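Heads up: the structure comes next, in structure tokens.
The values are calculated or read from the model by the stated rules, or taken from the named source; none is laboratory data. None of these values were measured; they are calculated from a predicted model. Every residue, glycine among them, receives a Cβ derived from its backbone with ideal geometry; neighbour counts consider all protein chains shown.
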Amino acid sequence: MTNQLDNFFSALADPTRRAVVERLTQGPAAVSALHDGHDMALPTFLRHLKVLEESGLVTSTKKGRVRTVHIEAAPLRILDDWLARHRDLWDARLDRLTRLAEAMEESDADDPI
């Protein structure tokens, strides 16, 4: 799973690829529609799509001359589960830190100068 997570995070490290994934949350789109708004040559954009496909975050189908890209939910669930575990861990740590800071403030307030 670590290698898979590495691939997901590596694919999402680029702002163009994150924008594509964000757009695909609205539904499948043709490559030409995804390319619109990105200031780069089509071959460069296609390399970004290839990285997303190789990571498993998206798939594409071709019908005639139109290639349509679809988001894949399963990898996003894996990412969400990983993030949720770490969010829970850090929330618990921050809660303990907050309680410690509050206890220290109370102790300082009780301590006459």
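Select, from 28, 75, the only residue that is surrounded by 14 or more Cβ atoms within 10 Å (Cβ to Cβ) and touching a Gly at 6+ places or on another chain (Cβ under 6 Å).
75
Given the structure, is residue 105 assigned to a helix (DSSP H, G or I), touching a Ser or Thr at 6+ places or on another chain (Cβ under 9 Å) and surrounded by 10 or more Cβ atoms within 10 Å (Cβ to Cβ)?
No: the conditions fail for residue 105.
If I go through segment 31-72 residue by residue, how many of them are more than 16 Å from residue 10 (Cα to Cα), surrounded by 15 or more Cβ atoms within 10 Å (Cβ to Cβ) and among the β-branched types (Val, Ile, Thr)?
4
For residues that are of a type in the set (S, T, N, Q) and in contact with a helix residue (DSSP H, G or I) (Cβ under 8 Å, 6 or more places away or on another chain), scanning just segment 1-35, find the one that is modelled with the highest pLDDT.
Looking at the filtered set, the residue picked out is 16.
Check 76, 46, 94, 100 and return the single one that is out of contact with any Lys or Arg (no Cβ under 8 Å at 6 or more places or on another chain) and at pLDDT below 90.
Answer to the selection: 76.
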